[in-house]
Amino acid sequence: MRKFRYVSMNNEGEIVKGQWECNNIKELIEYLHEKKESLLFIDKDKLNFKKITFKQGIKNNELALFCKYFGIMLESGVPLLEITNINSLQFKKGKLYENNMYIAQALRRGEALHEAITNCPYKFPEFFINMVKVGEDSGNLGEVYNNLSTYYYKKSKLSKKLIEVAIYPTFVFVFSIFLAMILLTTVVPSMLDMILSMGGDLPLATKITLAVSFFLTNNFGYIVAFILATMVILKVLTKAGKVNFDFIRRKLPLVKEIFYKSSSYDFLYALYLLYHSGVNIVTSLEGAAQIISDSYIREQVLNSANYIREGSNLAEALMNVEIIDYSSLTMICLGEETGKLSEILSRLLMIIEDELRSKLEKLLQLLQPISILIVGIIVGSIVISILLPMFSLYSL
């Protein structure tokens, strides 16, 4: 026999907390059914009944898992309330645990599913909420959840690939800066007396190295504090929308192509999901624009919706959207002419995904030697500037 702590809801909508000794969860559910209560949460050890607060959002891999469970059970005919009960056994802690509890309570109060997920303690993406509403309105909620599961799973894989590409050069760059700091604050000062005792005019490179070393040695604490403060301020301002670095991603040679291809993939996937679910093309464009982080590109997409209202077709409307290339426009035009836009978008997404993965692999291969070269230049410059006075002395 084990003791289970649980949270349930009675027929009057009241939350009940309790504990019960039984052999397994099935016996606990049967016990609650006899009391005319529905199981919301269960824990074999200890439940923490904290007040729900609004916190940061949910990761793509978590969303993919959440949508997968919902989609499978909805297409199997399981009622929504029963799904939340089953999910309480799947997600025993964390963000999805608290959200699932709130959804169950909201559904019992008579709220629609999209209304319930809108007010969850951990925020769902606005695009996700709108897709759920589309699924409720069209009666294809199970299919929508399964499509969203695939969408967020692929976004998660793509994000991991982008992080993989960024990790190596970032690590090498930070390591080179760290190594340079050690050389300038420990090695160079220890050799300062020997260098100065050589007399004569020091080379310009050596003078610069000594000046930098002196500055870092005497102001190291202030420099670290300034860097940390700057990082915190930029993060706060960026989160508040007062600072935007999107224009950098649109201009940097190596980053621009990846950014455009990635944004194109996200946008067209969102457009496909909405249009495939029966949403008209104008509303689909406006909904797909929500997932674009770059405000400049997002405005271009919203303007394209206005062109369609004025009588343009989709391909013509998207011609002024920077992230959509000519080959994509050609396929979209073909889809409109044949009446198979949804199918064409699906195939186009597979092509873009393959291209994006290929570009990321090439970028990773390119960044590795460049990163090593940067380390060599930084460290080599310091070493050479120290050795130059010695070479001058030996040449006398």
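The values are calculated or read from the model by the stated rules, or taken from the named source; none is laboratory data. Treat the numbers as computed from the prediction; the structure is a model and nothing was measured. Quick reminder, even Gly has a Cβ in these numbers, built from the backbone with ideal geometry, and neighbours come from all protein chains shown.
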Considering only residues that are in contact (Cβ under 8 Å) with a residue 24 or more places away in the chain and not hydroxyl-bearing (Ser, Thr, Tyr), which ones fall in segment 266-281? Asp266, Phe267, Leu268, Ala270, Leu271, Leu273, Leu274, His276, Gly278, Val279, Ile281
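Return the residues of segment 303-314 that are of a type outside the set (Phe, Trp, Tyr) and either crowded, with 16+ Cβ neighbours inside 10 Å or free of Cβ contacts under 8 Å to residues at least 12 places away in the same chain (or both); say none if nothing qualifies.
Ser304, Ala305, Asn306, Ile308, Glu310, Gly311, Ser312, Leu314
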Filter segment 150-182 for residues that are at pLDDT 80 or above and of a type in the set (Val, Ile, Thr); the one that is farthest from the chain's Cα centre (by Cα) is Ile182
When segment 315-347 is checked residue by residue, the ones that are loosely packed, with under 15 Cβ neighbours inside 10 Å, among the charged types (D, E, K, R) and in a helix (DSSP H, G or I) are Glu337, Glu343, Arg347
Can you find a residue in segment 183-193 that is at pLDDT below 75 and not in a helix (DSSP H, G or I)? no
Every pair of residues 6+ apart whose Cβ atoms lie under 6 Å, when the first sits in segment 149-162 and is charged (D, E, K, R) while the second is in a helix (DSSP H, G or I): Lys155/Asn60; Lys161/Leu360
When you scan segment 94-124, how many residues do you find that are over 13 Å from Phe66 (Cα atoms) and part of a loop (DSSP other than H, G, I, E, B)? 8
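Looking at segment 236-257, is at least one residue in the same structural domain as Glu322 (by TED's automatic domain parsing) and modelled with pLDDT of 80 or more?
Restricting attention to segment 236-257, the residues satisfying the condition of being in the same structural domain as Glu322 (by TED's automatic domain parsing) are 236-257.
With modelled with pLDDT of 80 or more added as a condition, the list becomes 256-257.
Scanning segment 236-257 turns up at least one residue that is in the same structural domain as Glu322 (by TED's automatic domain parsing) and modelled with pLDDT of 80 or more.
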Within segment 348-368, can one find any residue that is surrounded by fewer than 16 Cβ atoms within 10 Å (Cβ to Cβ), over 27 Å from the mean Cα position of the chain (by Cα) and modelled with pLDDT under 90? no
Among residues of segment 120-141 being farther than 18 Å from Ile83 by Cβ and of a type in the set (S, T, N, Q), the residue surrounded by the fewest Cβ atoms within 10 Å (Cβ to Cβ) is Ser138
Do you know which of the residues in segment 253-294 that are more than 24 Å from Leu360 (Cα to Cα), assigned to a helix (DSSP H, G or I) and hydroxyl-bearing (Ser, Thr, Tyr) is nearest to the chain's Cα centre (by Cα)? Ser284
